[in-house]
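These notes are about the structure you will find just below.
The values are calculated or read from the model by the stated rules, or taken from the named source; none is laboratory data. Because the structure is a prediction, the values reported are computed rather than measured. Neighbour counts run over all protein chains shown; Cβ positions are idealised from the backbone, glycine included. The accessibility values were calculated without ligands, DNA or RNA, using every heavy atom of the protein model including side chains. Shrake-Rupley method; radii C 1.70, N 1.55, O 1.52, S 1.80 Å.
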Amino acid sequence: MTQLLQQHLVIAPLLVPLLGGILLLLMRGSATPLRRLVSMLSVQLLFGVALLLLLTVSDGRTLVYALGGWPAPFGIVLVADRLAAMLVLLTALLALFAMMHAIQGSDRSGRQFHVLFQFQLLGLNGAFLTGDLFNLFVFFEVLLIASYGLLLHGGGPDRSRAGLHYVVVNLVGSSLFLFAVGTLYGVLGTLNMADMAVRVAALPPADRALVQAAGLLLCLVFALKAALAPLHLWLPRAYAAAGPAAAAIFAVMTKVGAYALVRVSTLIFGPGGELDGLVEPWLLSLGLVTIVVGSIGVLASRQLGLLVSHLVVVSAGTLLTAFGIGGAAAVSAGLYYLLHSTLVAAALFLLTDNVAAARGRCADRIAAGPLLPAANLLGGLFLVLAVAVVGLPPLSGFLGKVMVLQAGLSSPWMPWILAVVLVSSLLTLVAVTRAGSALFFKTDPDAGSATLPNMADLVPVMALGGLGILLVIYAGPVYAFVAATAAQLLDPAAYVGAVLGAAPDAVPVVAPDMAPGAVATPEVNLP
């Protein structure tokens with residue numbers, strides 16, 4: 001019975017937001033407080049399920065759920081390992097605090113906010129848990145369609161303009177995704193990622209070039225979703241224009257692209273595979289370029305929301321730089337930095353809304369404004385989050401960047417990694433210092449009046465900031481977990497064995513002394 005419950009636990013993070021969204025659709029005419037209650041209960045239940053899932057797989061097991069009872073590779077499977085469960089829990093945490101902010105009033109600015117929010121969670125969790133490449137595309141589309149609605153929620157020319165760019169760019173990405181998936185299916189005859197790993201390892205030399213091209217196209221799509229330069233231009237305006245709760249949950253959306261990139265590159269095209277030596281060099285170099293252009297955007301920002309959006313670009317570049325370095329230490333550093341950057345970015349988006357509401361007509365412009373009634377509280381929260389996002393001690397951003405730099409010491413790109421990350425931190429420090437002094441210290445008597453911020457709106461900001469502090473206090477256990485997660489990610493044999501019902505040693509291995517294209521292919525026995 002316990003094993004049965006554990007297996008069904010894998011699908012629970014999808015069922016909770018799906019059923020919550022359907023119920024909210026049926027409650028269209030209901031009072032707002034009732035819809036808020038249902039939405040909040042759904043998010044709380046999702047958090048409980050996600051936490052239980054993480055505790056279940058924390059010992060290193062991989063849970064597989066076969067929909068309809070059809071075994072892989074013939075049926076659709078959901079797979080939960082440490083990485084997937086960690087990201088599902090991170091998404092649930094963001095959703096919980098974003099919903100706490102939304103029910104204070106920002107959900108009233110448009111229709112169907114709560115329905116869109118639930119389907120956004122469905123798409124995010126599905127992308128993290130799916131074991132099938134085509135269903136990864138499906139869940140990408142679910143979360144993107146929901147994000148279109150959340151971005152446009154409330155209307156206005158800025159949101160419409162940013163939404164149009166966002167939709168067009170992502171539609172192009174979705175089209176390329178289909179081309180890549182179709183090509184891989186035509187060559188390999190399967191879209192189950194574990195089965196694809198087996199078949200790619202046994203690929204005839206004649207098909208290698210086609211699979212490499214499709215794999216690189218797939219990585220290009222994921223780089224677009226992850227906001228890797230020069231494919232990042234859609235992000236700053238879109239995130240800055242979104243409502244506060246939507247922007248907070250958007251903080252994890254670029255991580256979906258990064259997750260898909262590292263999952264596919266290590267599982268399907270693992271070490272010694274078709275993309276070995278093709279992905280890492282450009283991923284590392286473009287990650288550094290992303291940090292540079294994001295830092296320039298941070299310096300050039302004249303609105304706090306736009307500044308935070310460019311900080312998301314910088315964090316995406318830092319994360320992909322860590323993944324591009326390669327190796328267990330770098331991936332571990334990247335996963336720790338992923339947790340830190342997501343929590344801090346979400347907190348900054350929510351704080352931006354509070355600052356803009358308090359400053360009246362000055363909104364979030366980085367310029368002198370009215371004297372804020374709660375300047376010490378707002379400024380103190382901004383200071384803590386700014387220290388974290390810059391990477392100054394003693395907060396989690398410092399630990400994350402130190403880990404990335406330590407991992408980069410063994411890379412041939414070491415001088416560039418050190419220079420770019422450290423100079424970016426300096427530029428970010430200058431930008432946030434200038435923003436903080438203009439928002440909380442400089443006053444303009446002609447700027448109108450300020451209002452007292454809603455204290456209930458600040459609770460999620462404090463909670464997210466507190467989680468960042470906990471990443472420092474419990475840095476040892478957290479790092480031990482992400483290190484174990486990285487080791488599991490870089491050794492996909494157990495994943496393939498769990499999905500296909502085979503022992504880990506039944507996974508094909510490329511021997512170092514084998515000729516190109518020759519592989520050892522032990523047979524995988526399906527259940």
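Dividing the helix sum by the residues of the chain, where each DSSP H run of 4 or more adds -39500 (n - 2.57), gives a mean residue ellipticity at 222 nm of -23500 deg cm²/dmol. Rounded to the nearest 20, the size of the Cβ-charge dipole of the chain about its Cα centre is 1500 debye, with Lys and Arg at +1 and Asp and Glu at -1. How far is helix 375-390 tilted, in degrees, relative to the longest principal axis of the Cα atoms in the chain, given as a value from 0 to 90 rounded to the nearest 10? So the helix axis and the longest Cα principal axis differ by about 30 degrees.
For the chain, the alpha carbon positions stretch 76, 57, 42 Å along the principal axes, listed from largest to smallest. With all protein chains in place and a 1.4 Å probe, the accessible surface of region 274-347 carries 69 percent carbon and sulfur. Across the chain, the longest run free of exposed loop sites, meaning trypsin sites (Lys or Arg not before Pro) lying outside DSSP classes H, G, I, E and B with no more than 15 other Cβ atoms within 10 Å, spans 112-301. Panel note: the C-alpha atoms of region 428-471, placed on their principal axes, show extents of 42, 29, 10 Å (largest first). Projecting the Cα atoms of Tyr185, Phe119, Val200 onto the charge dipole of region 72-231, computed from C-beta unit charges around the Cα centre, puts Phe119 farthest toward the positive end. Shape descriptor for region 314-391: Rg over Rh equals 1.14 (Cα atoms; Rh from the Kirkwood inverse mean 1/r).
Using a 1.4 Å probe, what is the accessible area per residue for the chain, in Å²? All intermediate terms of the calculation are to be shown ahead of the outcome.
Details: 19870 Å² over 527 residues.
The answer is 38 Å² per residue.
Looking at region 374-491, what % of the alpha carbon pairs are farther apart than 19 Å? Value for region 374-491: 61 percent of Cα pairs lie more than 19 Å apart. Going by the alpha-carbon gyration tensor, a ≥ b ≥ c the square roots of its eigenvalues, is region 376-435 rounded (a/c under 1.5) or, if a/c is not under 1.5, prolate (a/b greater than b/c) versus oblate? Here region 376-435 falls in the oblate category. When the Cα atoms of region 203-312 are aligned to their principal axes, the ranges along those axes come out at 54, 26, 18 Å in descending order.
On the protein heavy atoms, probe 1.4 angstrom, tell me the percent of accessible surface of region 354-408 carried by carbon and sulfur.
Values: 1450 of 2060 Å².
Of all accessible area on region 354-408, carbon and sulfur atoms account for 70 percent.
Note on region 153-236: Kirkwood hydrodynamic radius from all Cα pairs is 14.6 Å, rounded to one decimal. The charge dipole of region 106-236, taken about its Cα centre with unit charges on the Cβ of Lys, Arg, Asp and Glu (plus for the first two, minus for the last two), comes to roughly 260 debye. To the nearest 10 degrees, how steep is helix 133-152 against the longest Cα principal axis of the chain, on a 0 to 90 scale? Around 10 degrees separate the two axes.
Cross-link partners of Lys225 among lysines, defined as those whose alpha carbon lies under 28 angstrom from its own and excluding same-chain residues fewer than eight positions apart: Lys255, Lys401.
Extending each Cα 7 Å along its Cβ direction at Leu377 and Leu429, get the distance between those two points in nm, one decimal. That separation, rounded to one decimal, is 3.1 nm. Take the Cβ atoms of Leu41 and Phe179, set R0 to 45 Å, and the FRET efficiency comes out at 0.65. Shape class of region 298-356 from the Cα gyration tensor (axes a ≥ b ≥ c, square roots of the eigenvalues): oblate, since a/c reaches 1.5 or more and a/b does not exceed b/c.
Entry note: region 1-153 has Rg to Rh equal to 0.99, where both radii use alpha-carbon atoms and Rh is the Kirkwood radius.
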